[in-house]
Amino acid sequence: RYIDRILARAAEDPEGAPFQPFAPEERAPKPGDMLCTDRSWYPLRHWTGRLAERGRPRPMHCDVIVGTAPGVIEMVGGNVEDMVVMRR
């Protein structure tokens, strides 16, 4: 649900929305961004695909980017196997 709310807010108020959706090839991730993945059997190819199905369930997960270096993204996420972890 929070991904749907982020997309709706970005569409309603592009200048004031705290998060704007981007595909990885559109902009390099930076600290404070969320990196979201689709965990369904048939993953969406681009975030815009979610717009057509907002409100319907889809297994997705987001982590928060806390650091970057050339070729590396450090992310913190939780709610997976009851743990909070940092991944690279």
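Within the stretch 7-29, is even one residue at pLDDT 90 or above, surrounded by 10 or more Cβ atoms within 10 Å (Cβ to Cβ) and touching a strand residue (DSSP E or B) at 6+ places or on another chain (Cβ under 6 Å)? Scanning the stretch 7-29, I find at least one residue that is at pLDDT 90 or above, surrounded by 10 or more Cβ atoms within 10 Å (Cβ to Cβ) and touching a strand residue (DSSP E or B) at 6+ places or on another chain (Cβ under 6 Å), so the answer is yes. The residues of the stretch 7-52 that are more than 17 Å from Val64 (Cα to Cα) and acidic (Asp, Glu), listed by number, are Glu12, Asp13, Glu15, Glu25, Glu26. Has the stretch 75-88 got at least one residue that is surrounded by 12 or more Cβ atoms within 10 Å (Cβ to Cβ) and touching a Ser or Thr at 6+ places or on another chain (Cβ under 8 Å)? Among the residues of the stretch 75-88, not one is surrounded by 12 or more Cβ atoms within 10 Å (Cβ to Cβ) and touching a Ser or Thr at 6+ places or on another chain (Cβ under 8 Å), which makes the answer no. Of the residues making up the stretch 35-46, just one is closer than 21 Å to Arg87 by Cβ and open to solvent by 100 Å² or more (accessible area, probe 1.4 Å), namely Arg39. Selection over the stretch 52-68 of residues that are open to solvent by 50 Å² or more (accessible area, probe 1.4 Å) and either of a type outside the set (Val, Ile, Thr) or in a loop (DSSP other than H, G, I, E, B) (or both) gives a count of 8.
Considering Gly49, Gly32, Gly71, the condition of being over 12 Å from the mean Cα position of the chain (by Cα), on the phi > 0 side of the Ramachandran plot and either of a type outside the set (A, V, I, L, M, F, W, C) or open to solvent by 50 Å² or more (accessible area, probe 1.4 Å) (or both) is satisfied by Gly71 alone. Being of a type outside the set (Ser, Thr, Tyr) and at pLDDT below 90, is that true of even one residue in the stretch 68-77? For the stretch 68-77, residues of a type outside the set (Ser, Thr, Tyr) and at pLDDT below 90: absent. May I ask you to list pairs of residues, at least six apart or on different chains, whose Cβ atoms are under 7 Å apart, with the first in the stretch 62-88 being farther than 16 Å from Pro31 by Cα and the second being at pLDDT 90 or above and open to solvent by 40 Å² or more (accessible area, probe 1.4 Å)? Hits for this filter: Gly78/Val84; Val84/Val76.
The values are calculated or read from the model by the stated rules, or taken from the named source; none is laboratory data. Remember, predicted model here, so these are calculated numbers, not experimental data. Don't worry about glycine lacking a Cβ; one is built from the backbone with ideal geometry, like all the others, and counts go over all protein chains shown. Just so you know, the surface numbers come from the protein's heavy atoms only, side chains and all, with ligands and any DNA or RNA stripped out. Shrake-Rupley method; radii C 1.70, N 1.55, O 1.52, S 1.80 Å.
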